[in-house]
Structures are given as structure tokens and as C-alpha cells.
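The values are calculated or read from the model by the stated rules, or taken from the named source; none is laboratory data. Quick caveat: nothing in here was measured; it's all calculated off a predicted structure. When we count neighbours, we look across all protein chains shown, and the Cβ atoms used for this are built from the backbone with ideal geometry, even at glycine. Keep in mind that these areas ignore ligands, DNA and RNA; they rest on the heavy atoms of the full protein, side chains included. Shrake-Rupley method; radii C 1.70, N 1.55, O 1.52, S 1.80 Å.
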Amino acid sequence: MRSYEFALLKSQKAQGQSGDSAAGRLDTFTHAFLDTVCGLRSPTLYEGTSDLPGLVLRAFYLGTVPSPLLLLAPFVLLWAVARECACSRLLSHAPFSPLGTWLYFGAFGALLALACSFVPMLPAVALATVRNGSGDVTYPVIYWQADALVRSTIGQELLLYAAVFLIAGFCLGSLCSLSASLRSSSVMIAGLFLLVPPLLDNSYSLGALFPNVFAVLPSTYFSAGRIFGRLGGTGATNAIPIAGASAPLGTASICMTALLMGLAGVIVRTTRLAHSFVHARGGSPDVARSGWLLRVDGAKVGYVRNQPIVSGDLNLGPKSVVGFVAPNGYGKTTFLTALAGMPRKPSAMSASLAVRSEVQEADPTHQAAWRRMVFLLPGDSAILYDHLTPDQMLDLIRCLWGRRDDSHDYLADMGAAEFRHKRIGTLSQGMRQQVSIAVALATQSPVLLMDEPMNALDPTNRELASERIRAYASEGRCVFMSSHLLHDLDETCDDAYFIQDGKLVDVGGRHRPSLPDLYWRFYPRS
């Protein structure tokens, strides 16, 4: 495609190094290329890469740099996202349905792959554009593919490369979705089999031995240069050397792989929810008239040797703060995690479970609606990302929970305004806990589940947190919180539940004995 390559081929022909067939291909190729160049508004032949304008240089790099290397960065980033979705940080609590999770990850992977395919070469392209101009999008690209002369242009090549990276990135995003659904980031290791084979020297020979297999494998086509040729090649070789392989087949193979992985993730997550909440259903009319936000009937949570750790009924009404008390190891965290719609092995849940607000009613099998209405704040500020600032965490909440029009300053409410711009990883445990509570309040979820929210807070901030939690519930919401700080819990809560012999026990409202007294009645010193 470039003049020095023509000179090289002509020199080889003069020295008898190319046969009549090669000479015929060279003549056909040369005439087709030069005829197209002459038809340009500004016909130009480029001697080397230093003469290439920006667009032509970009297409040259995309065809020369192995595509799996450009996809490696998106793969690593998606792996990190899969790990985050398998842990207890904020992204694992996001209100996405199984199908929504797949589509979000697929779109994220596609955009990430497209960006990573273009960003690394920006400096060289910018320099070439300044020095040689941007170039003509109609500049011809001609190569041989399966003994047929393929005519294209720089503009078409760039669009095709962009499409390949979008499809490949969506495929990697689908792999991430499957990993998140299985709650195991080790599934991402399978992604290596999509990126490694195109880089192996013997992939061509293996493709020749098993053409019917390699022609349909998606990894064969993760090298974009094989599909659309390479700008700068002599045109003497096929773009895809494996017999039976073609661009349409490659596109179909990658899309089918993404579809299968995405559907597998959706089926796994939906099946797990249906199994864990097999009896989940909405409330009956008489219960709905009595007023409630979260109702649990016949709960059995955390099976160990076929015996539930926690079982019983739970009713949380509007404008209420309800305590949850038991010693360590009694299953409080397991129960709260199940209520949040995130059952994890070896825990499970079987219950009639429903939540409703003024506008809708849902059960845990409708994951997106459930997580938008029921939010769990794990203990020890596990929900936070150390590399973000408190302000950025609040922005993330507004984005994921659709609260973009909410301008209320939850950090100021929790006394965290003065360190809102500091990285969370540099904050003390008490400061992190202040931010965690602010993040939970910012979700505006009708039902707020809190696991030991007062831990690490000093007396002043415990009092402030109690006031903010009471104010949050007074707006028609409810809060269900566990804590070992019984005096603080007693002052904050309207009602309380204890766990006795694995059963949930409602100890009554404000006229009950104090929670410290009840604690020693339920759990006397041995």
C-alpha cells in the first residue's frame, strides 16, 4: 500500500524471486491501488510511517498492534469490577436486575475496550496530525482475502475496527457479568482463553489442523487485523489464514459467546434468587391496610445441617426505628444480608417477604426494585472505596440510585463536611463510619438495614447519628439496626427484636424494660 513496498516487490520480481502468479497479483493490486489513489482529491503515496497523517497512522497502528494487547487493559479493569461485585462494597449493593447487570457490564466493557484501543496511540496520532495533517478518510485500503481483492478506505477501516472493539468489549463485559452472578471473580480466568490464543505463534498451524474448530472459536477473531487486514501490508497474504474463517463468522462467534455468557449470568442469578426466596410474595390486603414497609413471615435464614440459624416473623412499619440485638455468632449479619436480597452460601432464606412504599410493592426476586427500596449498610464501613473521597461516594450513590436531583448535604448532617475532599483511605475508622452512615441516608431507601452503625463513633457522633437516623425514619421510612451499644440503641429505637434459641422475639415498644436489662434476661452470664 505504500510506495517503498511496491519498489521492494518490483525489485524481487526483477531478481526472479517472484513467479508469474505473484507478478499477476502484484499487477492487479498495484493497478487497483494506484487507480483509486489517482481518483483522490489530493493523490499521495507515503514513503514511511513518519509521513503518515493522523487518521492513516491510527489505522496503521490498529492493524499492526495485536488486538489482544489492546484488550488486556479492559480485561484487567473488568476483572477488578467483577471482584468488587463479589464483595460487600457499594457496587455489590447497586439496584440492578440480573438482565440490567449484564447490559450495564456489557456496555461498560464495550466503551472501555473502545477507549483503550485508541487512547494509547493518541500522542503519536496527535503528533502526526500536527506534522502531516489529519488525512483523507477516503484514502484507499486494498488487500487480498481468500484470493479476492478487497477494496476499502481509511474511514471504513476505522469504523470496522471500532465495531470489533465494541463487540469484543461487550463480550468481556458479559464475562464480568457471569463472574458477578456466580460471586466468583475466578471465572474471569476463563477470559484468558479469549485473549491468549491469537498471540501464540502456532495458532496458524493449529487452525490448519482443526479448521472447523478454529473457524468458529471467538478467540480466533479477537485479533482484529485478521478480519480486516492490516494497513501497511503488501496485500500478498490473506487477512484470515485459517480455512473457513471470515469476518461475518467471527462477528457471529463473538456475539454468540457474549449472548451465552450473559444469559448464563441472568439464569444463575435469577435461579439463585428464586431458590433462596422460594416463598417470597406480596403482602395480603389486610396486612397492607394495617400499614407496613417490610414484612417477613416464616423466615428461615442460614441453614446449617438443615437447621436455620434465625427464624420467625418480622414487621417493620413506617416512621419506626427497630433494634436488633443478639450476641456475636447468633446470625444477625446473616439475617440482615438475606433481608437485603443478597443470600450467600452457606446461608439461604425461605420466607414470605415483601416490601412496599407509597408507589410500589416488591419482593426479593425482583432484584432491582428490592435493592432500590431496601438498603443494607454493612459493618466496619466495608461499603466504602478507599480511593474515592466522601463527595465522590455521594455522587456514586446519586448515580446508581437515580438521585441526581438530590442536593441535600448528608455529609454535613453527619459532621463529615470538613473532610469531604479527603481520600477515604486516609480517614480514621470513626470518620469512615460517619461517611458510611451519610452514604446510607443518601440512598433514601424506604427500608434501611444497618449492621453495627455506631461502631467506632465517639459519644458526640453517636448522638448525632441517632438524631439523623430518627429524622430519616420520621419522613415515613423505617430503620432496622443491630448494635451492641445497648444504651444508645435503647434511646434511638421504638421497638426491638432479640434472637432466642434461633427465634426472632419482639420485645415490645417504648414501654418495654430497657434493652440492657432485657439483654441479661435473654443471655445471662454462664
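Numbers below:
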read-out	value
A107 vs. criteria without any contact (Cβ under 8 Å) to a residue 12 or more places away in the chain and farther than 19 Å from P66 by Cβ	no
Residue check, D395 in contact with a Lys or Arg (Cβ under 7 Å, 6 or more places away or on another chain) and either more than 21 Å from T337 (Cβ to Cβ) or of a type in the set (S, T, N, Q) (or both)	no
Top-ranked residue in the range 46-73 [being at pLDDT below 85 and in contact with a Gly (Cβ under 6 Å, 6 or more places away or on another chain); ranked as farthest from F33 (Cα to Cα)]	G63
Any hit, the range 438-458, residues being open to solvent by 20 Å² or more (accessible area, probe 1.4 Å) and among the small types (G, A, S)	yes
Filter pass, T101 being part of a loop (DSSP other than H, G, I, E, B) and in contact with a Ser or Thr (Cβ under 6 Å, 6 or more places away or on another chain)	no
All positions within the range 367-407 that are over 19 Å from the mean Cα position of the chain (by Cα) and assigned to a loop (DSSP other than H, G, I, E, B)	P378, G379, D380, S381, T389, R403, R404, D405, D406, S407
Residue within the range 486-495 that is in contact with a strand residue (DSSP E or B) (Cβ under 6 Å, 6 or more places away or on another chain) and assigned to a strand (DSSP E or B) present	yes
Single match in A416, A368 (criterion: hydrophobic (A, V, I, L, M, F, W, C), buried (at least 21 other Cβ atoms within 10 Å of the Cβ) and in contact with a helix residue (DSSP H, G or I) (Cβ under 7 Å, 6 or more places away or on another chain))	A416
Flag if A239 is under 30 Å from L45 (Cα atoms), small (G, A, S), surrounded by 14 or more Cβ atoms within 10 Å (Cβ to Cβ) and at pLDDT below 80	yes
Top-ranked residue of the range 30-83 - restricted to ones that are assigned to a loop (DSSP other than H, G, I, E, B) and hydroxyl-bearing (S, T, Y), ranked as nearest to S181 (Cα to Cα)	Y46
Filter pass, A473 being of a type outside the set (D, E, K, R), crowded, with 18+ Cβ neighbours inside 10 Å and part of a helix (DSSP H, G or I)	yes
All strands (runs of 3 or more DSSP E) inside the range 251-353 with 3 or more residues being at pLDDT below 85, over 30 Å from the mean Cα position of the chain (by Cα) and surrounded by 15 or more Cβ atoms within 10 Å (Cβ to Cβ)	294-304, 307-316
Sole exception among (1) surrounded by 21 or more Cβ atoms within 10 Å (Cβ to Cβ); (2) among the hydrophobic types (A, V, I, L, M, F, W, C); (3) closer than 18 Å to V374 by Cα for A465, by number	(3)
Filter result (among the β-branched types (V, I, T), part of a helix (DSSP H, G or I) and within 15 Å of P378 (Cα to Cα)) within the range 415-447	V435, I437, V439
Every pair of residues 6+ apart whose Cβ atoms lie under 8 Å, when the first sits in the range 182-194 and is without any contact (Cβ under 8 Å) to a residue 12 or more places away in the chain while the second is open to solvent by less than 30 Å² (accessible area, probe 1.4 Å)	S186/S179
Unique residue being at pLDDT 90 or above and open to solvent by 50 Å² or more (accessible area, probe 1.4 Å) when the list is D405, D391, D380, D386	D386
Pairs, first farther than 17 Å from L427 by Cβ in the range 390-401, second in a helix (DSSP H, G or I) and open to solvent by less than 10 Å² (accessible area, probe 1.4 Å), C-beta under 6 Å, six or more apart	I397/V439; I397/A442
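Residues are listed down the side, and each one gets a yes or a no for (1) more than 22 Å from S42 (Cα to Cα); (2) surrounded by 18 or more Cβ atoms within 10 Å (Cβ to Cβ):
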| residue | (1), (2) |
| --- | --- |
| W102 | yes, yes |
| F105 | yes, yes |
| F108 | yes, yes |
| C116 | yes, yes |
| V119 | yes, no |
| A124 | yes, no |
| Y139 | no, yes |
| I142 | no, yes |
| G155 | no, no |
